[in-house]
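To start, the structure itself, in structure tokens.
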Amino acid sequence: MRVMLITNPFATFTTPEGRDALANTLDSRFQVDVEHTTHRGHAGELGARAAAEGYDAVVVHGGDGSVNEATNGILGAPDRPRRNPADLPALGVVPGGSANVFARALGIDRDPLTATAQLMTLLDQRSRRSISLGHTLNRWFLFNAGMGMDAIVVRQMEELRAKGKKATAGLYFRTTLGAFFKPSITPPAFTVEVPDHEPIEGVRFGFVSNTGPWTYFGTREIRTNPGTSFDTGLGIFAATSIAVPRNLVLGGRLIAGTEPKASHLYRNDDVEWVRFTSPEPADVQMDGDYLGLYQNLEFGYRRAVLDVAAPAKAD
């Protein structure tokens, strides 16, 4: 089995020793080519090369951003002709970022050593599971995208990381609270459209999910759309208020794991498409990476587009 191992030396929780141990472990059983990313977008270039050269698997050791890039490289843009997932490398992940939402949603252990053992077994057994992916801006997303307040938080987190701060769950939580409490931060209101429903006006932040959880707070799952999975349509979570008291109650329900509902919230866990329309440019994020300012976004998904090395889904 030919395996390309893509490692991100700049990921939050990777170390040279850990990367070497992973490479040596995989190399003991498979034909492994190790590639270290050097710049933004490099994992995508490597994923595309792995697909073109017929690798059996691509293993990414890094955060969600690196996994997203590699996936887009393997599959190519959504507007290109679709290839049979069985003809492409299977994607495996060894967590190395701060959140590792995608890997954990697939059932991969958050500990890199345990995840490596899992992955070895899955690759040995050639165990592949086909999953659906979302897409917007002619790019695939793995677990979520958003406009408004959550994207502002992602932007602020990237600014903090650029200053040398480590992206911990605590820093993310403090940044989120600060964004809601700071009166100078006022995302524009926008409109959300979904099939068979009147447009939702005045939305202040909206998430489009491809699976659940939406994210993790330490070991705790945060499920904005409990019925959304890699085998359903998209989930939409759209709030029409950024008032602190109302969102503290909603946030409390999310942290407690109870049904996310509120009078200012529209939620649907299985839709075919979602459209965001903003009268002025608004912040947008995808899989935890800040994309910039946009006014119009359309989200879709495709079933069984990517094969992953992951445990079988629970019944």
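The values are calculated or read from the model by the stated rules, or taken from the named source; none is laboratory data. Just so it is clear, the structure is predicted and the values come from calculations on it, not from any experiment. Every residue, glycine among them, receives a Cβ derived from its backbone with ideal geometry; neighbour counts consider all protein chains shown. The protein model used for the area step is the full one, side chains on, heavy atoms only, and it has no ligands, DNA or RNA in it. Shrake-Rupley method; radii C 1.70, N 1.55, O 1.52, S 1.80 Å.
Within segment 56-213, antiparallel bridges make up roughly 60 percent of the DSSP beta bridges whose residues both belong there. Take 227-234, 259-266, 205-212 and order them by the average number of nearby Cβ atoms within 10 Å per residue, most first; the result is 205-212, 227-234, 259-266. For the peptides 196-202, 216-222, 139-145, 102-108, residues were scored by their other Cβ atoms within 10 Å and the scores averaged per peptide; the highest-first order is 139-145, 102-108, 216-222, 196-202. Accessible surface area normalised per residue over the chain is 43 Å², counting heavy atoms of protein chains with a 1.4 Å rolling probe. Can you pull the percent of segment 62-154's accessible area that's carbon plus sulfur, 1.4 Å probe, other chains left in place? Taking all protein chains in place, segment 62-154 shows 47 percent carbon and sulfur surface. Only lysines eight or more places from Lys166 in sequence, or on another chain, were considered; those with a Cα closer than 29 Å are Lys182. Surface composition of segment 179-315: carbon plus sulfur atoms contribute 52% of the solvent-accessible area (1.4 Å probe, protein chains only, all chains present). For segment 21-143, the antiparallel share of DSSP beta bridges with both residues in that region comes to about 35%. Each Cα pair under 8 Å and six or more residues apart adds its separation to the average, and for segment 140-250 the resulting relative contact order is 27 percent. Rounded to whole numbers, the Karplus 3J(HN,Hα) couplings from phi for segment 248-253 are 5, 5, 5, x, x, 5 Hz, using 6.51 cos²θ - 1.76 cosθ + 1.60 with θ = phi - 60°, and x at Gly and Pro. The listed peptides 89-98, 287-296, ordered by packing as a protection proxy, come out as 89-98, 287-296 (highest mean of other Cβ atoms within 10 Å first).
Gain on full extension, evaluated as 0.36 nm per residue between Arg275 and Thr114 minus their Cα-Cα distance, stands at 54.0 nm. Relative to the longest principal axis of the Cα atoms of the chain, helix 112-124 runs at roughly 60 degrees.
Full extension of the chain segment joining Arg80 with Tyr266 gains 63.7 nm, where the gain is 0.36 nm per residue of separation less the Cα-Cα distance. A simple spin-label model places the labels of Glu53 and Ala304 3.0 nm from each other, with each point 7 Å out along Cα-to-Cβ. Across the chain, C-alpha contacts under 8 Å between residues 6 or more apart give a mean separation that, scaled by the residue count, equals a relative contact order of 20 percent. Taking Cα atoms only, the orientation of helix 16-27 departs from the longest principal axis of the chain by about 60 degrees.
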